[in-house]
1. Which pairs do you get when a residue that is loosely packed, with under 11 Cβ neighbours inside 10 Å, found in region 201-222, comes within reach of a residue that is at pLDDT 75 or above and part of a helix (DSSP H, G or I), reach meaning Cβ atoms under 8 angstrom, with the pair 6+ apart or on two chains?
2. Tell me which residues, restricted to region 9-25, are within 19 Å of PRO118 (Cβ to Cβ) and part of a helix (DSSP H, G or I).
3. List the pairs whose first member sits in region 10-34 and is farther than 21 Å from VAL179 by Cβ, whose second member is aromatic (Phe, Trp, Tyr) and assigned to a helix (DSSP H, G or I), and whose Cβ atoms are under 8 Å apart, counting only residues at least 6 apart or on separate chains?
4. Can you tell me which residue within region 135-173, out of those that are crowded, with 21+ Cβ neighbours inside 10 Å and of a type in the set (Asp, Glu), is nearest to ILE60 (Cα to Cα)?
5. Do we have GLY52 as surrounded by fewer than 23 Cβ atoms within 10 Å (Cβ to Cβ) and in contact (Cβ under 8 Å) with a residue 60 or more places away in the chain here?
6. Going by the structure shown, is ARG130 over 13 Å from ALA79 (Cα atoms), touching a helix residue (DSSP H, G or I) at 6+ places or on another chain (Cβ under 8 Å) and either among the aromatic types (Phe, Trp, Tyr) or surrounded by fewer than 23 Cβ atoms within 10 Å (Cβ to Cβ) (or both)?
7. Out of region 174-198, which residues are assigned to a loop (DSSP other than H, G, I, E, B) and crowded, with 16+ Cβ neighbours inside 10 Å?
Amino acid sequence: MATKKRIDRRLVSLTAAGSFAAEQYQGLRLTLERLGQGRGGQVLAVTSPAAGDGKTVTAINLAGTLARGSEGRVLLIDADLRRPSVASQLRLDAASKGFTDALIERTSLEDVTTRLDPFNLSVMPAGTGRGAVHQMLRSTRLERLMAEARERYAFIVLDTPPLLPVFDSALLAKSVDGVLIVVSANRTPRKLLGEALNLLDPGKVLGIVFNKDVRPLFGYYDSYYREYFPAASVSQA
């Protein structure tokens with residue numbers, strides 16, 4: 001079992017649940033719950049048009065938010081097999097078995113997941129298995145693995161690669177209920193976002209998450225909100 005000791009401070013849903021920044025992820029959770037009514041939303045993929053938009057931080061914070069105040073278990077999967085970073089941000093052993101091992105060796109879920117104490121959250125790192133990424137993501141084992149995970153977890157969040165450099169996320173999108181696209185506010189070109197959206201089934205796209213917005217939203221309501229978040233971070237989700 002792992003603890004939250006020394007994990008990345010940007011993971012506010014795990015380190016500063018009472019902060020203003022963490023509250024923004026609660027808002028994202030509420031939005032997803034509303035969107036998911038009648039269409040299912042158990043398995044969610046988080047991606048971005050390009051690298052550096054903040055998709056991994058968003059995926060971890062979303063999983064942490066879903067795990068808080070919920071009796072259902074939550075699973076976070078690092079499905080960015082080319083540049084995995086979930087384990088390093090959570091200070092887990094990056095050499096542990098994980099997603100690729102489950103796909104190649106048919107390893108059980110218990111053998112490739114780590115419980116993140118004290119949260120109701122389990123993490124499946126990218127893993128140590130080696131093979132052609134597209135071949136692994138097209139395997140029938142992926143569908144069986146996701147079906148098993150659906151039976152055991154209330155929510156499953158996948159951190160997937162950016163859409164444009166590689167086509168991994170487009171392949172993974174077939175196995176999820178919905179996709180969130182993270183864009184860097186005032187940085188991600190609109191054309192790049194348009195090209196990314198063209199790679200996905202429009203029916204799978206749940207919405208766009210704006211990250212790294214430097215506008216002082218908290219400051220606009222300082223006199224009203226300050227007493228609600230006495231030690232609040234002004235970071236935006």
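The values are calculated or read from the model by the stated rules, or taken from the named source; none is laboratory data. None of the values given here were measured: they were computed from a predicted structure. Positions of Cβ are backbone-derived with ideal geometry, glycine not excepted, and every protein chain shown enters the neighbour counts.
1. ASP201/ALA173
2. Result: VAL12, SER13, LEU14, THR15, ALA22, TYR25.
3. Cβ pairs passing all conditions: VAL12/TYR25; PHE20/PHE218; PHE20/TYR225.
4. Selected residue: ASP159.
5. When the stated conditions are applied, GLY52 passes them.
6. Judged against the criteria, ARG130 is a match.
7. If the condition is that a residue be assigned to a loop (DSSP other than H, G, I, E, B) and crowded, with 16+ Cβ neighbours inside 10 Å, then VAL176, ASP177, THR188 are the ones that fit.
For every residue, the table says whether it meets (1) within 23 Å of THR31 (Cα to Cα); (2) of a type in the set (Val, Ile, Thr); (3) without any contact (Cβ under 8 Å) to a residue 60 or more places away in the chain; (4) touching a helix residue (DSSP H, G or I) at 6+ places or on another chain (Cβ under 9 Å).
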{"site": "LEU142", "(1), (2), (3), (4)": "no, no, yes, yes"}
{"site": "LEU145", "(1), (2), (3), (4)": "no, no, yes, yes"}
{"site": "ALA154", "(1), (2), (3), (4)": "yes, no, no, yes"}
{"site": "ASP159", "(1), (2), (3), (4)": "yes, no, no, yes"}
{"site": "LEU164", "(1), (2), (3), (4)": "no, no, no, yes"}
{"site": "PHE167", "(1), (2), (3), (4)": "no, no, yes, yes"}
{"site": "LEU171", "(1), (2), (3), (4)": "no, no, yes, yes"}
{"site": "VAL176", "(1), (2), (3), (4)": "yes, yes, no, yes"}
{"site": "LEU180", "(1), (2), (3), (4)": "yes, no, no, yes"}
